[in-house]
Amino acid sequence: MEEMNQYEQAFAQYDLTQSDEQVAAAVADIIAQNREKYNTQEVKERLLGTVELTTLTVTDSQESVMRFTENVNRWSNEHPELPALATICVYPNFAGIVHDTLEVDDTKVACVSGGFPSSQTFLEVKTIETALAIKDGAQEIDMVLSVGTFFSSDYETCADEISEMKATCGDEVPLKVILETGELKTAYNIKKASILAMYAGADFIKTSTGKVAVAATPEAAYTMCRAIKEYQQTTGRKVGFKAAGGIKTVDEAINFYTIVAEILGEDYIKEGLFRIGTSRLANLLASAIVGEDIKPFSL
């Protein structure tokens, strides 16, 4: 009961009353009022630098992941004037092949870990998988919140898992906590889960795995960014935000950029605290930037 009270006390410091309708209206207003000022070549180039180029399929292999990584090397060699992609994101067993193949200093190796995408396994398995990924070269880790446990109001277990995973990562390896907002559904749940993850040690909070029907939405992004801003004001700690899952067009990416820039500021984005996880958007951004239809990141 004491632990439960601890988390309830943390939640009580934040405004959890904003309804889904109010969030939708706020998002519509932000985009309508501000989007066009971010619809620029500079922002498209900056967006390219936020991309976590992702391959998380059952058909991934050592060979396909190597080719995937070589595409990133080739693009950066051909376009040194453009920002490097933020990361290449793969399953843990491919951390070594990305690490050994990647030649772009500013692009990091990221791995999903901890029983991705469901988080339904033993904590010991989650931490061992994470430690092995880091040993093989992972520089960032993406884990999934135990959503069922969260819905059971067992906040202590949720927080302990995140804390254990962060301890495994250590100070040098950022931990992103995926909330799976499509399953949380409401602004109330999304904000509560955001607060819990940040208090437990998340360096980033992330929308989605991309493995459920509803992935990243502007409304979820708005709610999470508001939580990040309030958390920073309360604690002084700045947490990153990652939108992932279902972002398929440049226009959608600009919408997410607009929300983040208006709530958290463009300096936040320039500091590398905004990321987009995608397997498709990178080609579209590259095409928009160079002005012709190209697919440099396709296998």
*Taking amide hydrogens as modeled 1.01 Å from N in the peptide plane, which residues meet the under 5 Å criterion relative to K242, leaving out close sequence neighbours?*
I205, K206, T207, R275
*Give me D for region 181-224 in µm² s⁻¹, whole number, from Stokes-Einstein with Rh from the Kirkwood sum over alpha-carbon pairs, 20 °C and 1.002 mPa s.*
204
_Suppose every Lys and Arg Cβ carries +1 and every Asp and Glu Cβ carries -1, with no other charges. What dipole size does region 176-244 come out with about its Cα centre, to the nearest 20 debye?_
120
*Excluding the sites themselves, what is the longest stretch of the chain that contains no GluC sites (Glu not before Pro) in a DSSP loop with at most 16 other C-beta atoms within 10 Å?*
173-270
*So for region 246-299, what percent of the C-alpha to C-alpha distances run longer than 19 Å?*
35
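Based on the Kirkwood radius over alpha-carbon pairs, what is the Stokes-Einstein translational diffusion coefficient of region 7-73 at 20 °C with 1.002 mPa s viscosity, in µm²/s?
Values: Rh = 16.7 Å.
Translational diffusion coefficient: 128 µm²/s.
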_Using a Debye calculation, one point per C-alpha and no hydration shell, please list log10 I(q)/I(0) for region 15-150 at q = 0.12, 0.13, 0.17, 0.18 Å⁻¹ in order._
-0.66, -0.74, -0.96, -0.99
*Charges only on Cβ, +1 for Lys and Arg, -1 for Asp and Glu: so what's the dipole of the chain about the Cα centre, in debye to the nearest 20?*
420
*Simple Cβ-charge dipole of region 41-145, Lys/Arg +1 and Asp/Glu -1, about Cα centre, in debye nearest 20*: 260
*Rounded to whole Å, sorted largest first: equivalent-ellipsoid semi-axes of region 79-139, Cα gyration tensor*: 26, 11, 7
_Restricted to Cα positions, what overall size does region 69-211 have along the principal axes? Three whole-Å values, descending._
50, 31, 26
*Among A282, A215, A24, whose mean-square fluctuation peaks in a Gaussian network model of the chain (Cα, cutoff 10 Å)?*
A24
*How large is the Kirkwood hydrodynamic radius of region 143-273, in angstrom, based on all distinct alpha carbon pairs?*
14.7
*Compute the relative contact order of the chain as a whole-number percentage, counting only Cα pairs closer than 8 Å that sit 6 or more residues apart in sequence.*
21
*What residue among A243, V112, V214 has its Cα farthest toward the positive end of the dipole of the chain, where the charges are +1 on Lys, Arg and -1 on Asp, Glu, each on the Cβ?*
V214
*Could you look at the chain and say what percent of its accessible area is carbon and sulfur, using a 1.4 Å probe and all protein chains?*
47
*Calculated on alpha-carbon atoms, Rg and Dmax of region 46-101 in Å*: 11.4, 35
*Please work out the average accessible area per residue across the chain, using the 1.4 Å probe convention, and give it in Å².*
43
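The values are calculated or read from the model by the stated rules, or taken from the named source; none is laboratory data. Keep in mind that what you see is a predicted model, and the values were worked out from it rather than measured. Neighbour counts are summed over all protein chains in view; Cβ atoms, including those assigned to glycine, are modelled from backbone coordinates with ideal geometry. Keep in mind that these areas ignore ligands, DNA and RNA; they rest on the heavy atoms of the full protein, side chains included. Shrake-Rupley method; radii C 1.70, N 1.55, O 1.52, S 1.80 Å.
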